[in-house]
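Q: I am attaching a structure below and will ask some questions about it afterwards.
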Amino acid sequence: MSKNVLIMAGDGIGPEIMSQAEQILHFLNQDEGLGLEFDHAAVGGAAIDSDGVPLTDAALDQARAADAILFGAIGGPKWESLEMAIRPEKGLLRLRSELQLFGNLRPALLYPQLASASSLKAEKVSGLDILIVRELTGGIYFGQPRGVRMLENGERQGYNTYVYSESEIRRIGRVAFEAAMKRNKKLCSVDKANVLEVTELWREIITDLSQEYPQVELSHMYVDNAAMQLIREPKQFDVMVTGNMFGDILSDAAAMLTGSIGMLPSASLDQNNKGMYEPCHGSAPDIAGQGIANPLAMILSAAMMLRYSLGFGATAERIEQAVSRVLDQGYRTADIHTEGTNKVGTEEMGNAVLTALKSTH
Ligand code: NAD
């Protein structure tokens, strides 16, 4: 049965890096008979230019109908003076909320060849491969009531509500256990169960869920300790699962361990593992149109899509190995370039990955 992928390249470097990911997908589609079909839709500034809105209803319908969405990046100075409601970012936010993409997967993977780019000592991070699973549509960022109120003594008080229902915890927990099953079968759940009742419930539900995944080794860690351990001994982790706010902070810290934003893919999944896949970085208007952007985060996002939404884990691994091979061969875009390596542009890097793929089966 064929599977439909919606390509949304977006703005800035989005189309440049997307065309590299697309040529790789087209090659693999043919080489392995994956049965993928591709559609395209405008999003962000590109959609504002063509249709007056950052995401048309028709594009949203295409996204709903697709099995997975590959997303480039959106935004740029050209659209920054527009009113908030029709800014490029709204297209992305609408996609996330309409498709109920509650499960955010952010790998922090450091290819050993790039260990010197990290802010930690190379031996601490070389070969680092963590997956952070962050709940994306609940928790304190969305809890009601919220606001700033006036107290009787005339002082203002800000307040937010940290809430998670059992079903919300269970569904993100399931995403994390399933991800762990596809990796090294170790899951660390991060909470603050010693202080916050909401995360006491979190711990209880995750523990309960673990009975369905006896092969996964589950541990629990308080968030303060998790932050410390990420810096101290990051390679102890395989998959980490946590709520929206803790995940926001920990995933950025983990990303920095890898040194380069041009290398990091991400996924946002719904209940049925349908997902949207995109690089962690933005549209990089400062380098757009110069042909120097690093396409690897985009290419690795395509690999994640094959693994998590389309069920082609071995093909995903083939892409990841090809990326590792071109790094071995010394190819580097400007953002990861160091002395003694071969500085290349976007197309050359994409072509090098394609060549590496063609020499493997
Ligand atoms: P950015 O991630 O676009 O760029 C930050 C820095 O990293 C820049 O110097 C850029 O040149 C560099 N960089 C990013 N990706 C790179 C790549 N693949 N190769 C080489 N270098 C790369 O963040 P920003 O500058 O804060 O934002 C620029 C625009 O992107 C803004 O309009 C912002 O709103 C938007 N944005 C979009 C997304 C998204 O589409 N998901 C995410 C973040 C920012």
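Q: What FRET efficiency would be calculated for the residue pair SER116, GLN329, taking the C-beta separation as r and a Förster radius of 25 Å, to the nearest 0.05?
A: 0.90
Q: Along each principal axis of its Cα atoms, how long is the chain end to end? Whole angstroms, biggest number first, please.
A: Largest first, the chain extends 64, 48, 46 Å along its Cα principal axes.
Q: How large is the dipole of the stretch 175-292 about the Cα centre if only Lys and Arg carry +1 and Asp and Glu carry -1, each at its Cβ, rounded to the nearest 20 debye?
A: Roughly 420 debye, rounded to the nearest 20.
Q: Using a cut-off of 20 Å between alpha-carbon atoms, which lysines can reach LYS235, once sequence neighbours fewer than 8 places away in the same chain are excluded?
A: LYS121, LYS124, LYS182, LYS185, LYS186
Q: Using a probe of 1.4 angstrom, how much of the accessible area of the stretch 129-257 is carbon and sulfur, in percent?
A: Answer for the stretch 129-257: carbon and sulfur cover 51 percent of the accessible area.
Q: Restricting to DSSP loop positions (anything but H, G, I, E, B) with no more than 15 other Cβ atoms inside 10 Å of their own Cβ, which trypsin sites (Lys or Arg not before Pro) remain in the stretch 33-121?
A: Answer by residue number: LYS121.
Q: If you don't mind, another one. Under the 0.36 nm per residue contour assumption, what length would be gained going from the current alpha-carbon distance of LYS235 and LYS185 to full extension?
A: In short, 16.6 nm is gained.
Q: Let me ask you something else. Would you kindly state the longest site-free stretch of the chain, with sites defined as GluC sites (Glu not before Pro) in a DSSP loop (not H, G, I, E, B) surrounded by at most 13 other Cβ atoms within 10 Å?
A: The reported range is 156-338.
Q: Further question on the same structure: Along the charge dipole of the chain, which of GLY289, LEU201, ALA66 sits closest to the positive end, that is, farthest toward it, with unit charges on the beta carbon of Lys, Arg, Asp and Glu (+1, +1, -1, -1)?
A: LEU201
Q: Send over a whole-number figure in Å² for the accessible area per residue of the chain, probe 1.4 Å.
A: With the other protein chains kept in place, the chain gives 44 Å² per residue.
Q: With unit charges on the beta carbons (Lys and Arg positive, Asp and Glu negative) and the dipole taken about the Cα centre of the stretch 285-361, which residue among GLY345, SER309, SER324 sits farthest to the positive side?
A: The residue sitting farthest along the positive end of the dipole is SER309.
Q: Just going by the charge dipole of the stretch 129-257, with Lys and Arg at +1 and Asp and Glu at -1 on Cβ, which of ILE130, ILE172, TYR159 is farthest out on the positive end?
A: ILE130
Q: Along the Cα→Cβ direction, 7 angstrom out, place labels at SER2 and MET256. What is the inter-label distance in nm?
A: Between SER2 and MET256, the simple spin-label model gives 4.7 nm.
Q: Is it possible to state the helix-based mean residue ellipticity at 222 nm for the chain, with each DSSP H run of 4+ residues giving -39500 (n - 2.57), the sum divided by total residues, to the nearest 500 deg cm²/dmol? What is it?
A: -12500 deg cm²/dmol
Q: Let me ask another. Once every Cα of the stretch 239-361 carries one equal point scatterer and solvent is ignored, give the base-10 log of I(q)/I(0) from the Debye formula at q = 0.11, 0.17, 0.19 Å⁻¹, two decimals.
A: Reported log10 I(q)/I(0), two decimals: -0.41, -0.96, -1.15.
Q: Is any residue of the stretch 73-101 close enough, with backbone N under 19 Å, to a label point placed 7 angstrom from the Cα of ASP49 along the Cα-Cβ axis, and if so, which?
A: Residues passing the 19 Å test: 73-83, 86-92.
The values are calculated or read from the model by the stated rules, or taken from the named source; none is laboratory data. Just so it is clear, the model here is predicted, and its values are computed rather than measured. A quick note on method: Cβ atoms are made from the backbone with ideal geometry, for glycine too, and the neighbour counts reach across all protein chains shown. What goes into the accessible areas is simple: the full protein's heavy atoms, side chains included, and nothing from ligands, DNA or RNA. Shrake-Rupley method; radii C 1.70, N 1.55, O 1.52, S 1.80 Å.
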